[in-house]
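Before any comments, here is the structure.
The values are calculated or read from the model by the stated rules, or taken from the named source; none is laboratory data. Worth saying up front: this structure is predicted, and the values here are computed from it rather than measured. For neighbour counting, all protein chains shown are included, and Cβ atoms are generated from backbone atoms with ideal geometry for every residue, glycine included. Keep in mind that these areas ignore ligands, DNA and RNA; they rest on the heavy atoms of the full protein, side chains included. Shrake-Rupley method; radii C 1.70, N 1.55, O 1.52, S 1.80 Å.
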Amino acid sequence: MRLDLLSRLNAERAARRAAILVTDVESGEQRLVLEMEVGSDPLAQELQGGLRQGKSGFVERDGRRYFLTVQAPPVKVIVIGAVHISQALAPMAKGLDLDVTIVDPRTAFATPERFPDVPVVAEWPDVVLPDLGIDRYTALVALTHDPKIDDPALTAALRSDSFYIGALGSRKTHERRVQRLTESGFTEADIARIHAPIGLDIGAVSPAEIALSIMAEIVASLRKERRRST
């Protein structure tokens, strides 16, 4: 790989932006396609497929073979609330190779003992989220039921490109949440990005089942363009 391509690829990695190195198998010629350039590339369809899958591999177009080296940032799941659902959700997310962080200012709940092998930040969301960063490869899950904790996190997520935003609570709870967010200046379209009630409707009852429904919804949002149409 040329040094200039490697430098640009490293820069995109550091900035948590996707990029694809396209190598013509026959000629060995290479070019780097940045995420924002994918749609206008001659191999747009193949590149978009590579980004959706997050995997490198061979593709063919017009009788020529190319190898796509896909570099996509690792997906992050930021969970607001060190609750029972979070305890079930964290290992599920880790099992899917997602980076998980638990955020909760309540130090009695946000302890390493309750969340082994997962970063736990005992801090208010509006303080810590700017450092954690929320981008298009980040899912934010608000689980505390406490507007003082959940609302600042949802506000930060709505002002970002987060691919998934979910909030626990009944429909009545969400109606009150919508009112507060509307008063804060968010539009109906903004608030519609929030999955509430959170999770796929699988009839979940226990914390583990609710966690499963949430993770299923996160994966569905992440892979939505790959889902089979019915």
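Quick notes on this one:
- Number of the condition not met by Gly133 [criteria: (1) farther than 20 Å from Ala82 by Cα; (2) modelled with pLDDT under 95; (3) surrounded by fewer than 19 Cβ atoms within 10 Å (Cβ to Cβ)]: (1)
- On the stretch given as the range 1-31, residues that are assigned to a helix (DSSP H, G or I) and either open to solvent by 30 Å² or more (accessible area, probe 1.4 Å) or closer than 16 Å to Asp135 by Cα (or both) total 10.
- Residue count for the range 32-55, restricted to those that are closer than 20 Å to Lys76 by Cα and not in a helix (DSSP H, G or I): 2
- Output for the range 138-183, where each listed residue is open to solvent by less than 30 Å² (accessible area, probe 1.4 Å) and among the aromatic types (Phe, Trp, Tyr): Tyr164
- Residue within the range 85-93 that is among the β-branched types (Val, Ile, Thr), at pLDDT 90 or above and buried (at least 17 other Cβ atoms within 10 Å of the Cβ) present: yes
- Answer residue from the range 45-81, given it is small (Gly, Ala, Ser) and in contact (Cβ under 8 Å) with a residue 40 or more places away in the chain and is surrounded by the most Cβ atoms within 10 Å (Cβ to Cβ) among those: Gly81
- Selection within the range 93-114 - aliphatic (A, V, I, L, M) and more than 23 Å from Ile134 (Cα to Cα): Ala108
- When Leu34 is tested against (1) open to solvent by 60 Å² or more (accessible area, probe 1.4 Å); (2) among the hydrophobic types (A, V, I, L, M, F, W, C); (3) within 19 Å of Arg8 (Cα to Cα), just one condition goes unmet, and that condition is (1).
- Taking the numbered list (1) surrounded by 11 or more Cβ atoms within 10 Å (Cβ to Cβ); (2) under 21 Å from Ala82 (Cα atoms) in turn, Val205 passes all entries but (1).
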